[in-house]
1. When the residues of segment A:308-340 are filtered to those that are at positive phi and open to solvent by 40 Å² or more (accessible area, probe 1.4 Å), which remaining residue is farthest from the other protein chains (Cβ to nearest Cβ)?
2. Which one of A:11, A:34, A:74, A:46 is among the hydrophobic types (A, V, I, L, M, F, W, C), in contact (Cβ under 8 Å) with a residue 60 or more places away in the chain and more than 16 Å from residue A:108 (Cβ to Cβ)?
3. Just the residues that are open to solvent by less than 10 Å² (accessible area, probe 1.4 Å), in contact with a strand residue (DSSP E or B) (Cβ under 6 Å, 6 or more places away or on another chain) and in a loop (DSSP other than H, G, I, E, B), please, taken from segment B:156-177.
4. Select, from B:215, B:252, the only residue that is within 21 Å of the chain's Cα centre (by Cα), open to solvent by 20 Å² or more (accessible area, probe 1.4 Å) and free of Cβ contacts under 8 Å to residues at least 60 places away in the same chain.
5. Could you list all residues from segment B:57-103 that are surrounded by fewer than 20 Cβ atoms within 10 Å (Cβ to Cβ) and within 22 Å of residue B:318 (Cα to Cα)?
6. Which of (1) under 25 Å from residue B:182 (Cβ atoms); (2) open to solvent by 20 Å² or more (accessible area, probe 1.4 Å); (3) in contact (Cβ under 8 Å) with a residue 24 or more places away in the chain is the odd one out, the single condition residue A:271 does not satisfy?
7. Can you name every residue in segment A:218-232 that is over 30 Å from residue B:329 (Cα atoms), at the interface with another protein chain (Cβ under 9 Å from one of its Cβ atoms) and surrounded by fewer than 20 Cβ atoms within 10 Å (Cβ to Cβ)?
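The values are calculated or read from the model by the stated rules, or taken from the named source; none is laboratory data. The structure presented is a predicted model; accordingly, all values stated were derived computationally and were not measured. All Cβ positions, glycine included, derive from the backbone under ideal geometry; neighbour counts span all protein chains shown. Only protein heavy atoms, including side chains, enter the accessible area calculation; ligands, DNA and RNA are left aside. Shrake-Rupley method; radii C 1.70, N 1.55, O 1.52, S 1.80 Å.
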There are 2 protein chains.
Amino acid sequence: MTTLDLTADAVTLTRQLVDLESVSKDEQAIADAVEAALRALPHLTVTRRGHTVVARTDLGRDERVVIAGHLDTVPVNDNLPSRLDEEAGILHGLGTCDMKGGDAVILRLAATVPEPVRDVTFILYEGEEIEAEFNGLRHLAESDPELMAADFAILMEPSNAVVEAGCQGTLRVEVRTTGERAHSARSWRGVNAIHGAAEVLARLNSYEARQPVIDGLEYHEGLNAVFIRGGVAGNVLPDECVVEVNFRFAPDRSEAEAEAFVREFFAGYDVRLTDTAPGALPGLDRPAARAFVEAVGGEVNPKFGWTDVARFTALGIPAVNYGPGDPMFAHKQDEHVPVEHVERCEARLRAWLEGR
Amino acid sequence: MTTLDLTADAVTLTRQLVDLESVSKDEQAIADAVEAALRALPHLTVTRRGHTVVARTDLGRDERVVIAGHLDTVPVNDNLPSRLDEEAGILHGLGTCDMKGGDAVILRLAATVPEPVRDVTFILYEGEEIEAEFNGLRHLAESDPELMAADFAILMEPSNAVVEAGCQGTLRVEVRTTGERAHSARSWRGVNAIHGAAEVLARLNSYEARQPVIDGLEYHEGLNAVFIRGGVAGNVLPDECVVEVNFRFAPDRSEAEAEAFVREFFAGYDVRLTDTAPGALPGLDRPAARAFVEAVGGEVNPKFGWTDVARFTALGIPAVNYGPGDPMFAHKQDEHVPVEHVERCEARLRAWLEGR
C-alpha cells in the first residue's frame, strides 16, 4: 500500500496523490492510503464508508465546519504521472486541478492543525466524476447524515483559490414535437415534426436570462438546446423531433420551481424531465460563511456550474467552493494547477482554522 | 439454371420470377434465366451487359418503344416464396409489386407478340434498388446508348396499372448553422447553433408548394427537412446544427434551377448540395406518348416520386411509368400485387403493340 507523507509540503503531497491513479470506480488504493494516513493522527476520529473517508476533530467547539474533496478523477488521458515545472510554478497531470491539489490541502490541515478553533470534519470521497448514483457524498448524506452535520462547508473544487459561493441548479428536459410520416415525394400527406420544432427554437431565441442578485452575488441563468435530433430516412417526413434543453437556474429557485418555469415556457409541447439537480444558495448571510470569506481575503464570486455544494445546501448547511486550480482546465488533457494556488489555499485555511 | 416458362400466364410467370431470389447485387441467376428464355425467341436480338438483358425486334417500324423493368429487389424480409391467394386475387411476396409482375408482363409480350406494329426494345436490368452507381439502366445509357434509343419508353414501375407520367426531381442539401461552444452553465460566453436553426425551420414553415400543370398534369413540389442533428454534450452549447432538406421539384425545373431555388430560399446560410436527380417531363405532347395513353384507357396521373424514367428523359426520350401493383406496398413486408393489375397491364400493352 502506498504510504502518504503528511509531513511533506502540500505540493509534494499533491504529487503523491496524483501519481496514485484513482479513476472513478477505482478508488480503493487511494482511499486505503488516505484512511491509513488519517488513522495515524490521534486527534482525529476516522470513519470509512465504501471508499469515502471521514475524519473529525471533537474538541467541543461552538462551531463545526466541513472541508471536503473528492478522490476520483476522470479517465487517464496520457497525463500521468505528475510533472512539476518548477520555473513556471505549475504542477501538471491528471487530477492536479480537479482536485487532488485541494485534497492535499485537506490532508495537510488534518495533520498539522490538531487544535483548530472550530471543530472540523474532513471528508474525502469517491465517485464524484460519474453518475450521481455513485457519489460518495450523496451516499454519506443518506447513510450517516450526522457525519455531514456542520455550520458551514467548504468544497475544495477548483475555483482559482477564490471563494465561489453557492451554485446554480441544472435541469434537462426533452421537448418533443410529433407529426405524421409520409414519403417526401408526397409531403402533403404527412406532418413534418422537424418543421414543428421551429416554434420551440423560436421561443429559446426569445428567452431573456434572469440575473438575480443573491447575498450580493449576481447569478446568471441560461436556457439552451444542447441536442436536437429528428429524421427517419432521406425520403421520409419525420414524425418526431426531440430538442434536449438544459436549464441552469439561480439558487433562489427550487428544482420544482425551475421545472414549472420550463414547462410554462414550453406550454403546448410534450415536455419530459430527464435530469435535475438543485442549486445551492451562497449562504453568505450566515456568520460562519461571512467569517470564512473575510478570512480568505474577502473576494467572492458566484458559482455558475453545479457542484456538490448543493448536497450541503439540501441538508441546510451553507457551503462554498474554494480550491486551487482554474476549473477551465478540469477534465482537459493539459490539466494543471499553479503551485501558488495550493500554497495560498493551505495558508488561508490554516490561518482561519487556527483563529489567526 | 432455372428455366422460365414464357408460355405460362403472366401471374404464373410472376411467381417463377419472384421465387428466383434476386436481391440487388445478386442478380446473376435471374439474369441468366431471363437471357436464356429471350435467346430462345428467334424474332429478338439479345444483348447482355453485366446482369442487364436487352432484347429487340428489328422490323423496320416507323417507331420504336422501350419497355423496361428492373430485376432486383430489396432484401428478403420473411416474404418468400410467393403465395397466391386465389380467392382474393392477390399474389403475395417480395418483388410481386416492385416489380416482377411488370417483368413477367415484359417477358410475356416479348414471347407472344413477334410482330408488333412498333419496334420494341425490352430491357430487364440490374441494380435499381441500391445506390445509383450500380444501376443497370444508367450503365447501359453510358455503354450502349444506341440500345436505349426510342421514340417513347415505358417503365413498368408499380403505378396501380394506370399511367403515371414523368416524375419529379429530387435534391438534398445540408443547411448548416454554426456557433461557438461554451459550458451551458456560462451560456452567455457561447453562441448556440441549434437556436440558430430556428430561422431555417421558420422558412420551411413559410414555404408554399408550387403545383405547376404540365401537359395537363398537376405536379406538386415539396420542401422538407428530413433530418436534423446538433449537440456536443448535455452541458455544452453546440457549435453546429445541420438540417438536411429534401426538395422534390416538378419536372419543368432543371436540377440547376432547383438548386438555385433552394440556395435562394436559404440565402444567408451555409447550403451544401449532397444529392440530386433530375425530374422527367411527362412528354404527353409527343404522338407516341399520346397514343399510348389512349390505348391504355386515357387515364393518366402525374408521378410524384423519382423513378428511372428520368434516365430516358435525359436522353430526350419521353417516358411514363405504367405497371401493376400499388407503389405504397413496395419495400414492405406485406408486398403484393393484384392479379387483375398484371392481367390488365399485359392485355392493354398487347393490344397497343398489336395495333388493335
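1. Looking at residues that are at positive phi and open to solvent by 40 Å² or more (accessible area, probe 1.4 Å), I get A:316.
2. A:74
3. Scanning segment B:156-177 gives B:156, B:159, B:166, B:168.
4. Numbers: B:215 fails: free of Cβ contacts under 8 Å to residues at least 60 places away in the same chain.
The conditions single out B:252.
5. B:58, B:59, B:60, B:61, B:62, B:63
6. (2)
7. A:220
Results for (1) out of contact with any His (no Cβ under 7 Å at 6 or more places or on another chain); (2) among the acidic types (Asp, Glu); (3) within 9 Å of chain B (Cβ to nearest Cβ), shown as yes or no for each residue.
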| residue | (1), (2), (3) |
| --- | --- |
| A:158 | yes, no, no |
| A:162 | yes, no, no |
| A:173 | yes, no, no |
| A:189 | yes, no, no |
| A:197 | yes, no, yes |
| A:201 | no, no, yes |
| A:208 | yes, yes, no |
